[in-house]
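Here is the structure we will look at, set down as structure tokens.
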Amino acid sequence: MSKKCLHFGGGNIGRGFIGKLLSENGYHVTFADVNEQVIQTLHEKQEYIVNVVGSNEVKDTVKNVDGVLVTDPQLVEKNYDVNLITTAVGVNVLPHVAKNMAEIIKERFKKGLTDHLNIIACENMIRGTSVLRNHIEKLLSAEEIKWANENIGFADAAVDRIVPAVAPSDDCLFVVVEEFFEWDVDQNQVKGDLSHVSGLTLVNNLDAYIQRKLFTLNTGHAVCAYIGVLDGKKLISEAISDQKIEKIVRGVMSESGKVLEKRFGFSPESLSEYHDKIIERFKNIHIVDDVLRVGRQPLRKLGYEDRLIKPLRGTMEYGVDSQNLQTGIAHALAYINPDDEQANELNAKINKDGVQKVLQELLQVNETTKEISSIIEIYNKLK
């Protein structure tokens with residue numbers, strides 16, 4: 001008998017990544033969503049097509065699936081005995097799906113079900129399952145929480161797979177995904193064993209992998225976009241194909257990689273291999289990734305704990321060269337997009353306070369460091 005997974009989120013990530021992987025690992029996957037057309041079609045067809053694009057293009061048929069509306073009163077009754085619950089709904093929806101999960105936990109508690117259940121939020125946020133757990137526990141009694149702590153794993157995860165937008169078609173289930181994917185799960189929070197799930201990597205130090213993605217994929221992506229915009233490029237694949245831009249992006253990854261080596265003990269060889277994979281992903285012409293989309297919300301991306309300033313702070317902490325990171329940050333500060341509210345806000349702030357003060361605020365320092373002076377010099381040449 002196959003294992004059962006209830007997956008909240010019938011969108012492209014849910015179908016193209018999590019649901020596909022679990023189905024291929026022998027799980028029967030039930031998608032829960034509010035989209036009536038998607039759920040009805042899943043219920044009728046019980047399969048769908050995923051187009052995997054990379055060095056080759058492959059169409060995979062995902063089978064052993066069905067769908068249920070999150071509003072269906074029978075959702076709990078039909079799914080309380082699942083082995084795994086996953087999500088790909090977006091951060092803001094987690095409090096809503098927490099209600100369904102709390103009802104499932106109550107039902108398992110009432111029936112005395114002690115088979116291990118693991119809940120994994122596959123969202124684009126740090127420690128998303130822990131956030132989801134807090135929402136769930138607000139809806140449980142003290143006794144139910146105690147029972148859940150013993151029988152249910154709330155495992156944080158880091159997920160990575162590009163799922164590009166596709167043109168509308170008659171098949172509402174069709175989805176395109178890139179070949180590369182990564183699904184890292186905190187082994188210390190799992191109840192029972194998930195080592196049988198091929199493609200799911202159990203790790204002891206999830207924060208190391210979260211920061212590796214942030215310092216490599218997210219940092220490189222942003223720098224490629226900001227330089228690409230000023231260079232007149234339209235797509236990430238077009239920008240990274242420019243040798244000058246690729247050299248800077250690789251330099252950025254190398255500098256932030258040295259921070260990862262010192263902070264978490266990653267080997268230079270493993271990071272170099274990871275950098276090559278990321279660059280190849282950026283070059284994938286099947287992934288139509290607009291530089292303006294990747295560069296949007298520059299104030300958020302220049303945040304103290306985010307993809308540009310955090311790696312730079314790491315280089316300052318460990319005394320690592322950061323010339324390429326400085327170049328990337330200067331381009332982010334020079335980013336202009338009239339349709340981007342944060343870009344307009346950043347430009348207005350620079351015009352009012354000056355680049356030096358803005359950088360001091362971003363780095364949360366009172367003095368002008370040598371890094372700030374260098375970034376200002378690069379920025380002035382861009383204007």
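The values are calculated or read from the model by the stated rules, or taken from the named source; none is laboratory data. Note that the structure is predicted; figures quoted are calculated from it, not measured. Here Cβ is always computed from backbone atoms with ideal geometry, including for glycine, and neighbour counts include all displayed protein chains. Remember, those area values only see protein heavy atoms, side chains included, never the ligands or the DNA or RNA. Shrake-Rupley method; radii C 1.70, N 1.55, O 1.52, S 1.80 Å.
Here are the numbers:
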| item | result |
| --- | --- |
| Options ALA155, ALA102, ALA142, ALA167; residue that is in contact with a Leu (Cβ under 6 Å, 6 or more places away or on another chain), free of Cβ contacts under 8 Å to residues at least 40 places away in the same chain and either surrounded by fewer than 21 Cβ atoms within 10 Å (Cβ to Cβ) or of a type in the set (A, V, I, L, M) (or both) | ALA102 |
| Of all residues making up the stretch 180-191, the number that are in contact with an Asp or Glu (Cβ under 9 Å, 6 or more places away or on another chain) and either of a type in the set (D, E, K, R) or assigned to a helix (DSSP H, G or I) (or both) | 5 |
| Extreme residue, nearest to GLU24 (Cα to Cα), among residues of the stretch 34-63 that are open to solvent by 30 Å² or more (accessible area, probe 1.4 Å), of a type in the set (S, T, N, Q) and part of a helix (DSSP H, G or I) | GLN40 |
| Among (1) assigned to a helix (DSSP H, G or I); (2) at pLDDT 95 or above, the one test that LEU194 misses | (1) |
| In the stretch 105-124, the residues that are buried (at least 16 other Cβ atoms within 10 Å of the Cβ), under 25 Å from the mean Cα position of the chain (by Cα) and not small (Gly, Ala, Ser) | LEU117, ASN118, ILE119, ILE120, CYS122, GLU123 |
| Criterion violated by ASP66 - all others in (1) assigned to a strand (DSSP E or B); (2) crowded, with 17+ Cβ neighbours inside 10 Å satisfied | (2) |
| Qualifying residue in the stretch 353-376 (condition: farther than 19 Å from ILE240 by Cβ, out of contact with any helix residue (DSSP H, G or I) (no Cβ under 8 Å at 6 or more places or on another chain) and open to solvent by less than 30 Å² (accessible area, probe 1.4 Å)) | yes |
| CYS172 over 17 Å from the mean Cα position of the chain (by Cα), in a helix (DSSP H, G or I) and under 27 Å from GLU123 (Cβ atoms) | no |
| Total residues in the stretch 289-307, condition more than 16 Å from VAL355 (Cα to Cα), in contact with a helix residue (DSSP H, G or I) (Cβ under 6 Å, 6 or more places away or on another chain) and crowded, with 18+ Cβ neighbours inside 10 Å | 6 |
| Residue list for the stretch 248-271, restricted to those being hydroxyl-bearing (Ser, Thr, Tyr) and surrounded by 15 or more Cβ atoms within 10 Å (Cβ to Cβ) | SER254, SER256 |
| Residue under evaluation GLY328, criteria (1) out of contact with any helix residue (DSSP H, G or I) (no Cβ under 7 Å at 6 or more places or on another chain); (2) open to solvent by less than 70 Å² (accessible area, probe 1.4 Å); (3) at pLDDT 95 or above, criterion not met | (1) |
| Residue count, the stretch 36-53 (criterion: under 23 Å from PHE181 (Cβ atoms) and without any contact (Cβ under 8 Å) to a residue 60 or more places away in the chain) | 1 |
| Subset tally (residues that are among the charged types (D, E, K, R) and assigned to a helix (DSSP H, G or I)) for the stretch 294-322 | 5 |
| Selection within the stretch 277-286 - open to solvent by less than 70 Å² (accessible area, probe 1.4 Å) and assigned to a helix (DSSP H, G or I) | ILE278, ILE279, ARG281, PHE282 |
| Filter result for the condition that a residue is in contact (Cβ under 8 Å) with a residue 40 or more places away in the chain, assigned to a helix (DSSP H, G or I) and farther than 19 Å from SER256 by Cβ, over LEU346, LEU325, LEU362 | LEU346 |
| Test for VAL288: is it out of contact with any Ser or Thr (no Cβ under 9 Å at 6 or more places or on another chain) and of a type outside the set (S, T, N, Q) | no |
| Candidates VAL166, VAL175, VAL203 - the one that is farther than 30 Å from LYS233 by Cα and among the aliphatic types (A, V, I, L, M) | VAL203 |
